[in-house]
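Student: Let me begin by handing over the structure; questions about it come next.
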């Protein structure tokens, strides 16, 4: 998985445990293990060892590897929401399609800069998504914002005629996720080697928005 990291990315040494932040230390240790050795090497005991605590200490918080990975996903979702909110705020416009595009730009920027978190949050087989209230809530907030912005654009006659709304939502989600997946998995040299992946994904998103906007 390390091959998927952006050039120059260096895994940070996880914070050692101090009283009161055991969960944070274990999450950081888990991310470090994944970046150095891969997801298959993650275990609650290994995270404890990396965080410098007794093997039994983490089990008060995480009884299974899935529970530990879910905590990493929750951290990832929080940071994703922050990245999206920051990018939307940067638009400084009342144009709903510009804000809609900003959500995608924020997601892509975050995914390509945080490949480990992206890998974990995007694979439902590694985490208990349905069992995490915060993951479901935060994911729904982003989804609802996307739908509301597209609805605003539709009501203002800013969407091209003839587009099925539900399929448009699906296509937008699939495009942004697919672009991030291709970039993280290293497919861009084969499919689009004329510019860096971080630029290509943004240009592809911009083209999509232009094609759904009323001429």
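Student: From the list 138, 128, which one is touching a residue at least 40 places away in the same chain (Cβ under 8 Å), in a loop (DSSP other than H, G, I, E, B) and assigned by TED's automatic domain parsing to the domain that holds residue 99?
Tutor: On inspection, the qualifying residue turns out to be 128.
Student: Tell me which residues, restricted to the stretch 49-59, are within 14 Å of residue 21 (Cβ to Cβ) and in a helix (DSSP H, G or I).
Tutor: Just the residues of the stretch 49-59 that are within 14 Å of residue 21 (Cβ to Cβ), to begin with: 51-53, 57-58.
The answer is 51, 57, 58.
Student: For the condition in contact (Cβ under 8 Å) with a residue 12 or more places away in the chain and over 24 Å from residue 203 (Cβ atoms), what is the one hit in 90, 74? Walk me through it before giving the result.
Tutor: Details: 90 fails: over 24 Å from residue 203 (Cβ atoms).
74 is the lone residue from the list that is in contact (Cβ under 8 Å) with a residue 12 or more places away in the chain and over 24 Å from residue 203 (Cβ atoms).
Student: Looking at (1) within 21 Å of residue 79 (Cα to Cα); (2) free of Cβ contacts under 8 Å to residues at least 24 places away in the same chain; (3) part of a helix (DSSP H, G or I), which one does residue 190 not meet, given that it meets all the others?
Tutor: Single failed check for residue 190: (1).
Student: Can you pull out the residues in the stretch 110-121 that are closer than 18 Å to residue 138 by Cα and in contact (Cβ under 8 Å) with a residue 60 or more places away in the chain?
Tutor: Within the stretch 110-121, 111, 117, 118, 119, 120 qualify.
Student: Another question, if that's okay. Just give me the residues in the stretch 161-186 being free of Cβ contacts under 8 Å to residues at least 60 places away in the same chain, outside any helix (DSSP H, G or I) and surrounded by fewer than 13 Cβ atoms within 10 Å (Cβ to Cβ), in sequence order.
Tutor: Selection gives 161, 162, 164.
Student: Give the residues of the stretch 127-159 that are surrounded by 12 or more Cβ atoms within 10 Å (Cβ to Cβ) and under 14 Å from residue 212 (Cα atoms), sorted by residue number.
Tutor: Kept after step one, since they are surrounded by 12 or more Cβ atoms within 10 Å (Cβ to Cβ), are these residues of the stretch 127-159: 127-129, 132, 134-136, 138-139, 141-143, 145-154, 156, 158-159.
Passing the criteria: 149, 150, 151, 152, 153, 154, 156, 158, 159.
Student: When you go through 48, 76 one by one, which is the residue that is outside the structural domain of residue 212 (by TED's automatic domain parsing) and buried (at least 16 other Cβ atoms within 10 Å of the Cβ)? Spell out the reasoning first.
Tutor: Working: 76 fails: outside the structural domain of residue 212 (by TED's automatic domain parsing).
Answer to the check: 48.
Student: Still on this structure, I have one more. Taking residue 149, is it touching a residue at least 24 places away in the same chain (Cβ under 8 Å), outside any loop (DSSP other than H, G, I, E, B) and either closer than 30 Å to residue 65 by Cα or not assigned by TED's automatic domain parsing to the domain that holds residue 72 (or both)? So that I can check it myself, show each step before the final result.
Tutor: Details: touching a residue at least 24 places away in the same chain (Cβ under 8 Å): yes; outside any loop (DSSP other than H, G, I, E, B): yes; either closer than 30 Å to residue 65 by Cα or not assigned by TED's automatic domain parsing to the domain that holds residue 72 (or both): no.
Answer is no for this residue.
The values are calculated or read from the model by the stated rules, or taken from the named source; none is laboratory data. Worth saying up front: this structure is predicted, and the values here are computed from it rather than measured. Here Cβ is always computed from backbone atoms with ideal geometry, including for glycine, and neighbour counts include all displayed protein chains.
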